[in-house]
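Enquirer: Here it is, the structure in full.
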Amino acid sequence: MDTGESSDESPIQAKKGKSKAPRKPKASALKQKSPAEFFAENKNIAGFDNPGKSLYTTVRELVENALDSAESIAELPFVEITIEEINKSKFNSMIGLIDRERIDEALYGDFETVKAREKRLAKEARFQEIQAKNVALGKKVKEQVSAKAIKGRGEASFYRVTCKDNGRGMPHDDIPNMFGRVLSGTKYGLKQTRGKFGLGAKMALIWSKMSTGLPIEISSSMKNQSYTSFCRLDIDIHRNIPHIHVHEKRDDKEQWHGAEIQVVIEGNWTTYRSKILHYMRQMAVITPYAQFMFRFISDTSDKNVSIRFARRTDVMPAVPLETNYHPSAVDLLLIKRLIGETTKQNLLQFLQHEFVNIGKSHAERLIGEMGPDFSPKTSVKSLTPQQIVRMHQLFRQAKFDDPSGDCLSPAGEYNLRLGIIKELHPDMVATYTASAQVFEGHPFIVEAGVSLGGKDVKQGLNIFRFANRIPLLFEQGADVVTRTAMKRINWNTYKINQTQDKIGVFVSIVSTKIPFKGTGKEYIGDDISEIASAVKTSIKQCCAQLKSKIVKKIQAREQQERKRNLSKYIGDATGAIYAILKESSQLHAKKKRMEIKDEDAELLQKVSSRIITKETLSEKLAQHVEQVDYEMAMEYATQSGVREEPRENIYIQALEPQKNFIDLHSPVFVFRLFR
């Protein structure tokens, strides 16, 4: 019996009737997640934090894919992006769901209780009473802030996002895997790329499946292809494979090449409208050779938006080149992967062909330093783990030449300047491109521009950040560009008022590896001294150019002021000078003793004979002032518009077989010579 034991139990335990026995942990089963499942559960990593941010990221991914596609075939990009708002009834009809009216209003999150309604009405009444008193006292009347509408969690807004380009297009058989299999694509490798994770439209498809359940639709056609590929698919998130609904070939009557992608997602246009438009504007700055057509379509006509970002040049940057790894930038895993993928047989060939800046003699010296177990003819596939570690240790300690920036493709100083002028219409602009530098074995190039004045530019610092030619809009405060512009540049030194002037600071960084920080990869950290120093130097170079222009403008303004002052006193000066001359001529005529030079005597004779009158003297003074003003204007135009010497050498671009012209580049213009 349990009578004795139950007497020691607490009243609570007695109520339950029996004591708690410790639970035995269940044997945990080993589970595995697919890449698609991982990103679906951690969608904030790829920029899909909330519906509004997801709409923005979807637009960004589609636009950047479109630019990459067009640039890969040296085609001037033309990108059409359309966001169509889909109301609840239309969305329900798309998925075959019948609208139902509410039966139990109190069940919904936007239901207002009697108590809440009374509280709201009382608050409104108090506000009206205060307003009446203010009117009676003649005080300023404040506008009533409208109460925020209560929005339930289940209420959502849906949008159809469509992006069409004139790029390369996609091979028919590759389309399902290119969109329906995460971490598979054409952008993997060591080269400058716009993407951050290599997800592209795949993450938009995952978000579409999570928020609407609707598939993505892709139309694609390649050059000299007689058909258009059409594919409707979604993704099996757990297996990371595409689920194909339709995959067929259709007639290409328009002879179009490129891709058109359409996806329906949950989003929030209201909160992210400014971010999306700001992104499109910044993209137009960094790619003035592209034409963008942006549309937002809604059932409410006054919400519709249509903006055309026109192309302003046909000068495109070179296509970024894939390059080999620098020995100082590799780790053990990467060395093992390169050994597994290489086609070279021996160690000497492996070092020469799989890494940059290792020639034959350098490779032989490295092999000799590795030890007696290594020789130039050692089979690279037979290296032991210990030998690979030894190779890695030597790579970290040995001295290598820095990689060149030949594999990089910056926007170009001409394009950056043109983009700034096209979108901001500044009063002054200066640009600068630094030479290639290196951090952790990766080359990088910093381009900078600083503008003063302009359209839709706020007072103070307006910072525009770009990484591999894409705009960065979030987490600006922690970025190396922001911190440098705010804290490390003494703007007053360059005759620029940091708080009063409208200053635009543009910094673009391109590299084979952008050192992003944070889970969303939205900013570049301030902890890499090489990049921080290059950014500071580039901005200061732009400021120095602007200072020269500002000083000359101030001088020109002072000269104009002097001209106005001279013109103002021409009458008085003429009267005084003529009176002195007339009196002197009279004295000279009376043959009084005056010691004067021959030319002065001739001048007095002209005054006596009235060849020189007060009117002619006034006319001569006015002509002199005009001449001074003309010379000043010509000098200012020359100084501000034409440099005495080019700031950097003009170079001739490589002449491709299909072109019949040569481009001569400089920072401020491109001279095209047709053959």
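Enquirer: Would you kindly find the accessible area of LEU321, with a 1.4 Å probe and non-protein molecules such as ligands, DNA and RNA excluded, rounding to the nearest 10 Å²?
Expert: Spelled out: LEU321, probe radius 1.4 Å, area about 100 Å².
Enquirer: Further, regarding this structure: Straight-line reach from LYS344: which aspartates and glutamates have Cα under 17 Å away, leaving out those fewer than 8 places along the same chain?
Expert: Once the sequence-local aspartates and glutamates are set aside, what remains near LYS344 is GLU354, GLU364.
Enquirer: Provide GLU41, GLU254 ordered by accessible surface of protein heavy atoms (probe 1.4 Å), highest first.
Expert: GLU254, GLU41
Enquirer: On each of the three principal axes of the Cα atoms of segment 426-542, give max minus min coordinate, whole Å, ordered largest first.
Expert: 39, 28, 22
Enquirer: Go through ASN415, MET391, MET428 and say which Cα lies farthest out towards the positive end of the charge dipole of segment 354-464; charges sit on Cβ, +1 for Lys and Arg, -1 for Asp and Glu.
Expert: My answer, from the dipole projection, is MET391.
Enquirer: Can you flag which of LYS275/LYS517; LYS253/LYS513; LYS249/LYS275; LYS43/LYS253; LYS455/LYS568; LYS458/LYS495 are past 30 Å Cα-Cα?
Expert: LYS253/LYS513; LYS249/LYS275; LYS43/LYS253; LYS455/LYS568
Enquirer: Roll a 1.4 Å probe over the protein heavy atoms and report the accessible area of MET222 in Å², nearest 10.
Expert: 50
Enquirer: Enter the accessible area per residue of segment 421-509 (Å², integer; probe 1.4 Å; all protein chains in place).
Expert: On a per-residue basis, segment 421-509 sits at 37 Å².
Enquirer: Using a 7 Å offset from the Cα along the Cα-to-Cβ direction at both SER361 and LYS140, what is the distance between the two label points in nm, to one decimal?
Expert: 7.8
Enquirer: Could you tell me what percent of the accessible area of segment 478-624 is made up of carbon and sulfur, with a 1.4 Å probe and every protein chain present?
Expert: Accessible surface attributable to carbon and sulfur in segment 478-624 totals 49 percent.
Enquirer: Then there is this: With a 1.4 Å probe and every protein chain left in place, tell me how much accessible area HIS442 has, in Å² to the nearest 10.
Expert: Answer for HIS442: close to 20 Å² accessible.
Enquirer: Determine the share of segment 332-397's accessible area contributed by carbon and sulfur atoms, expressed in whole percent, with a 1.4 angstrom probe.
Expert: It is 49 percent, rounded to a whole number.
Enquirer: With all protein chains present, how much of the accessible area of segment 269-319 (probe radius 1.4 Å) comes from carbon and sulfur, to the nearest whole percent?
Expert: Answer for segment 269-319 is 47 percent, counting heavy atoms of protein chains only.
Enquirer: What do you reckon, how do ARG281, ARG312 stack up by accessible area (1.4 Å probe), largest on top?
Expert: Largest to smallest exposure gives the sequence ARG312, ARG281.
The values are calculated or read from the model by the stated rules, or taken from the named source; none is laboratory data. No experiment lies behind these values; they were computed from the predicted model shown. Neighbour counts run over all protein chains shown; Cβ positions are idealised from the backbone, glycine included. Protein only, heavy atoms only, side chains kept; ligands, DNA and RNA dropped before computing areas. Shrake-Rupley method; radii C 1.70, N 1.55, O 1.52, S 1.80 Å.
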